[in-house]
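Everything below concerns the one structure shown next.
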Amino acid sequence: KSMPGVDSTGLAVGLKKGFLVEKRTLAPKPATRKGKLGKHTKFVREVVREIAGMSPLERRCVELLKNGRDKRVLKLIKKRVGTHKRAKAKREKCQDLLRQAQRKAAK
C-alpha cells in the first residue's frame, strides 16, 4: 500500500520506514539563479567593452593568435589568470575578438 509521491512505506521498520506523508513541492529558491547572466548586466558589460576596448593582455593574445601561437597564448594567460580552465576560456574569448576584427576588416 503506497501513495503516489510518497517515499515511505508506512511501516515502523525497514529501508523506507515512517509515516505516509506527501512530498511538498516548494518554490525555487533565489539561489538557483546564482551565476546566471541578466539582461542589464550583459548590456552594461557590452557598453564597457565597446568604450574601454581590450586589456593589454587581450591585445597581446590577439597579436600572438594572428601568428598562430595558440599554445604560447594559453601559457601566457594561464600565468596571469591562474587556472587552466580560466585560461582556455580567455583564449577562446580572444579568438572571438580576433574573428570579429577580421570580419570587420573584410567588410
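Only protein heavy atoms count here; under a 1.4 Å probe, Asp70 has an accessible surface of about 60 Å².
Taking the chain as a Gaussian network of alpha-carbon nodes connected by springs under 10 Å, the highest mean-square fluctuation of the residues Gly38, Gly14, Gly53 belongs to Gly14. Here the relative contact order of the chain, from alpha carbon pairs under 8 Å that lie six or more residues apart, stands at 14 percent.
Under a straight-distance cross-link criterion of Cα-Cα below 20 Å, which lysines are reachable from Lys75, leaving out those fewer than 8 residues away in the same chain? The reachable lysines, counting only those whose Cα sits under 20 Å from Lys75, are Lys66, Lys85, Lys88, Lys90, Lys93. Between the beta carbons of Leu26 and Arg49, assuming R0 = 35 Å, the FRET efficiency works out to 0.35 to the nearest 0.05.
For segment 21-50, trypsin sites (Lys or Arg not before Pro) meeting the loop criterion (DSSP other than H, G, I, E, B) and having at most 13 other Cβ atoms within 10 Å: Lys23, Arg24, Lys34, Lys36.
So, with a 1.4 angstrom probe, what is the percent of accessible area on the chain that is carbon and sulfur? Answer for the chain is 56 percent, counting heavy atoms of protein chains only.
The values are calculated or read from the model by the stated rules, or taken from the named source; none is laboratory data. Note that the structure is a prediction, hence the values are computed from the model and not measured. Reconstructed Cβ throughout: ideal geometry from the backbone, glycine too, with neighbour counts over all protein chains shown. Just so you know, the surface numbers come from the protein's heavy atoms only, side chains and all, with ligands and any DNA or RNA stripped out. Shrake-Rupley method; radii C 1.70, N 1.55, O 1.52, S 1.80 Å.
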